[in-house]
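Scroll down for the structure; my scribbles are underneath it.
The values are calculated or read from the model by the stated rules, or taken from the named source; none is laboratory data. Computed from a prediction, not measured in an experiment: that's the story for all the values here. Using ideal geometry, Cβ is built from the backbone for each residue, glycine included, and neighbour counts are taken over all protein chains shown.
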Amino acid sequence: MSFRKAFGRRANGDLASAISLNRRQFLWSATGAMAGTTLFPVTRALGATAVPRAPKAVVVTFGGGARDDETFAEDGLENIPHMLNELMPRATFFTRVVNRGILGHYVATASLATGAYETFNNFAAVPPDHPTVFEYFRRDLKRPASDTWVVAPSNGFNRIGESGHKEFGQGQGAGVILPKRLLADALAGKTGDYDHLLRDNYESPMYAPALAGNEVQIHQLAEALTLSVSDFTSHAKNLASPDELSVYVAKQLMRKLAPSLVWITLHDIDIAHSGTFSLYIDGIRRSDRLCAEIWNTIQSEPEYAGRTTMFILPDFGRDSDQSAGGNGFQHHRTGDAISRTTWMMVLGPGVRENVIVDRPVESVDLVPTLGARLGFDARFSQGKPLVEVS
Ligand SMILES: [Zn+2]
């Protein structure tokens, strides 16, 4: 029986727990993972590698908006072979991550980055109200601007690097790299071969924010990465999508500058708004492959290997096939349980491997958890550190 048939008719209130229960049972059988709270053997806990000094972290948001049905549910596992077979055996996996905030990509990703539910208009070019993880990290650990970066899609994310909070803010956050915009600048209008990489914003209203915030310009990036603009554009020509361009830039950044806190927001999946299911699935498969690629980069780069925690989580889900007023996978407009309930995978030194945590947690717990691992205090966050990986 399919997952959807088994659980689709339950009332919304029960659905989140049904999803979680189903996924936990299914993942146990699919991967042989252990329950984090009951089955974890003490000997492994004692043998776990201690978190080394000066830890690093890479956060990948798996989006925009991916449902359980097409990822970590029975029908979805075929779309995520890399996460399932390569990453899951090394991960602690949270089956029930609930996002209680606004389900728009910029505002939701900003909420992930502040650990507080931001309430600004998703389509406005404003900074988050609460301090970002980048500001906490830099202030508490006395790190320079070069030690933390965001690589994001272009649609409005240029302000995500630092907040408008009165105790933090300007000049204290992360540099923001918007690869699509850099490519458009580098091409100076000659975009013919690159249209597939420049596609931006899968939702209306169409939105083209003015340059502002900490956005890095093409010549600055080229200089920082010792990468010529022509190398950048010629490499881009071989890439299939904006997310591939983002990961290419992130890998260059990691190799050349080795920042300690890297945030990568994937967004190809949001092509689901077009209504074409196969393109949505292509986006998920690509994101799955790119997540494994990022993990492999972490393992192969001496500055990252053995000291880096990787977090992978969708910003939120998409609408259920059953929601009245929704249109299934296409959008995220109803705010139903399916669109709010998602998952998170955590991998790295000292993180227990092949463990499933079933208790409900929230999207806003990410930043305090990063704080616990890296050593800063996310004092304005609404979330709590996840003890299973802190
Ligand atoms: Zn969307």
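Condition check: at pLDDT below 95 and either within 22 Å of residue 349 (Cα to Cα) or surrounded by fewer than 22 Cβ atoms within 10 Å (Cβ to Cβ) (or both). Does residue 321 satisfy that? Taking the combined requirement at face value, the residue satisfies it. Each residue in the range 270-291 was checked for being over 17 Å from residue 84 (Cβ atoms) and among the β-branched types (Val, Ile, Thr), and 2 pass. Scanning the range 327-343 for residues that are closer than 21 Å to residue 361 by Cα and within 11 Å of the ligand (Cβ to nearest atom), we see that the one that is surrounded by the fewest Cβ atoms within 10 Å (Cβ to Cβ) is 339. Under 9 Å between Cβ atoms, at least 6 apart or on separate chains: pull out the pairs that start in the range 222-246 with a residue that is over 16 Å from residue 195 (Cα atoms) and end on any residue that is acidic (Asp, Glu) and not in a loop (DSSP other than H, G, I, E, B). Once the first residue is over 16 Å from residue 195 (Cα atoms) and sits in the range 222-246, its partners that are acidic (Asp, Glu) and not in a loop (DSSP other than H, G, I, E, B) give 222/231; 229/185.
Residues in the range 227-277 that are of a type in the set (A, V, I, L, M) and in a strand (DSSP E or B): 261, 262, 264. Listed here are the strands (runs of 3 or more DSSP E) enclosed by the range 50-152 that have at least 1 residues being polar (S, T, N, Q) and within 16 Å of the ligand (Cβ to nearest atom): 56-61. For the range 372-388, the count of residues that are on the phi > 0 side of the Ramachandran plot and modelled with pLDDT under 95 is zero.
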